[in-house]
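Reviewing the structure listed below.
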Amino acid sequence: MSRALPKYHKRRVFMIGGAAAVVLSGAVIAGSALAGETSQSNDGASANASPGTISCPAVEGSLPEIPASAQAEVDNNLALLDTQIQEANQRLVDTVGQGGANFVQNAILGPLQDKRVAALNRIETAIGRAAEKPEGLEALAACTLDAAGGAAAGEEAGAGGDAAAEPGGAAGGDAAGEAGDAGNAGGAADAGDAAGGGAADAGDAAGAGAAGTISCPAVEGSLPEIPASAQAEVDNNLALLDTQIQEANQRLVDTVGQGGANFVQNAILGPLEDKRVAALNRIETAIGRAAEKPEGLEALAACELNQ
């Protein structure tokens, strides 16, 4: 009896130690699995969150010989074009997952194109002061989002967790939102046709009142005497300035409730200012071909929202 007791204790110690080893091994395996799963999840989230990058046409290769007197101004605007792309790429990163299906186009690519048009117009004007003015650089203004950005947007739209953050859900929600916009547009048109335009006008006025309206500084009173040869081009750009305000006011109505606190500034007022800068630059250039060129009209570009 006394001899059997030590063997029993040995077996008991062995069994307890073995069980503890099994438990410990299980914990290590489970911890490794969880770590791997977490790593994969994080990697997947990072991949899904990749916003892509923006690419724009090169400009320098499309320029003529630059006069020495224009070199500094041209170089400054070429550097500004690069800065604009960098800022747009940073905005892509900062706004991943925000907005609807057209957010990148409306809030990033569209404003970037307007800024590039203004910079390209300044390059044309700078060269034109001392040599033949190049025309058509605006064709290089439009930029695109590369395929990686498009894929990331698709993955975000399909992800259930991300879908909950969007009022419309995932890709289906965005598609439904677009369909709703199209339906609203069609309904408004039908209402306008049926009521002879009266109902549609009343609806637009009510929408404009709810969204506020945009007011911009008057331009005509700040212009010098316009040479006859420049009158048509100046008139066209003055009419364009009015059209731009009307379009911005309509966009206010169409996007009521969309975006965050800075949506109106980033997606409407900012792009409108860039478009106005380009039109005002064209007015200056048109007058400057036949008379002293006015300077500083860009100070009239900024507009504000009246609630």
Per the C-alpha gyration tensor (a ≥ b ≥ c, the square roots of its eigenvalues), segment 86-142 is rounded if a/c is under 1.5, else prolate if a/b beats b/c, else oblate; here it's prolate
For Thr83 and Ala58 in the same chain, what is the full-extension length gain: residue separation times 0.36 nm, less their Cα-Cα distance, in nm?
7.6 nm
Using label points projected 7 Å from each Cα along Cα→Cβ, tell me how many nm separate Gln231 and Lys133, to one decimal.
1.9 nm
Rounded accessible area per residue of segment 248-297, 1.4 Å, Å²:
43 Å²
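The values are calculated or read from the model by the stated rules, or taken from the named source; none is laboratory data. Predicted model only: the values in this text are computed from it and were never measured. A quick note on method: Cβ atoms are made from the backbone with ideal geometry, for glycine too, and the neighbour counts reach across all protein chains shown. Accessible surface is based on the protein model in full, side chains and every heavy atom, while ligands, DNA and RNA are left aside. Shrake-Rupley method; radii C 1.70, N 1.55, O 1.52, S 1.80 Å.
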